[in-house]
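Accompanying notes for the structure given below.
Read-outs throughout are calculated quantities, based only on the coordinates presented, and are distinct from any laboratory measurement. Note that the coordinates shown come from a computational prediction; the quantities given were computed from them, not determined experimentally. Ideal geometry is used to build each Cβ from the backbone, glycine not excepted, and the neighbour counts take in all protein chains shown.
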Amino acid sequence: MSASRPVTQVPASSVSRYDAETDVLGFGFGCAGAAAAFEAASAGAEVLVLERAGGPGGSSALSGGELYLGGGTPASRARTG
């Protein structure tokens, strides 16, 4: 795995064209996106991750530390019977 490159945020209006080649393109750098990017890079893939937030973490960073692991809530279980 290669060393990380520094991240510099730029306004979308300043980008005149997009030109990138990569093995794996990830959308979002939250818990799942970060884990997928790490695993792909560990396997030797060239990885590019796009994140619309101002930094890493995605919606996971806004969750207050609560992660949904499935299983449903009482309300969702009542709907599905």
Once the Cα gyration tensor of the chain is found, what semi-axes does its equivalent ellipsoid get, as square roots of 5 times the eigenvalues, in whole Å, sorted largest first? 31, 17, 13
Amide H within-cut-off set for GLY57, under 5 Å, with H built and near neighbours excluded: PHE29, GLY30
Add +1 for every Lys or Arg and -1 for every Asp or Glu among the other residues with Cβ under 15 Å from the Cβ of GLU39, and state the total. -2
What relative contact order, as a whole-number percentage, does the chain give when Cα pairs under 8 Å and 6 or more residues apart are counted? 27 percent
Provide the packing ranking of 17-27, 32-42, 53-63, i.e. peptides ordered by the mean count of other C-beta atoms within 10 Å per residue, highest first. 32-42, 53-63, 17-27
Student exercise, the chain dipole from Lys, Arg, Asp, Glu Cβ charges, in Debye to nearest 20: 400 debye
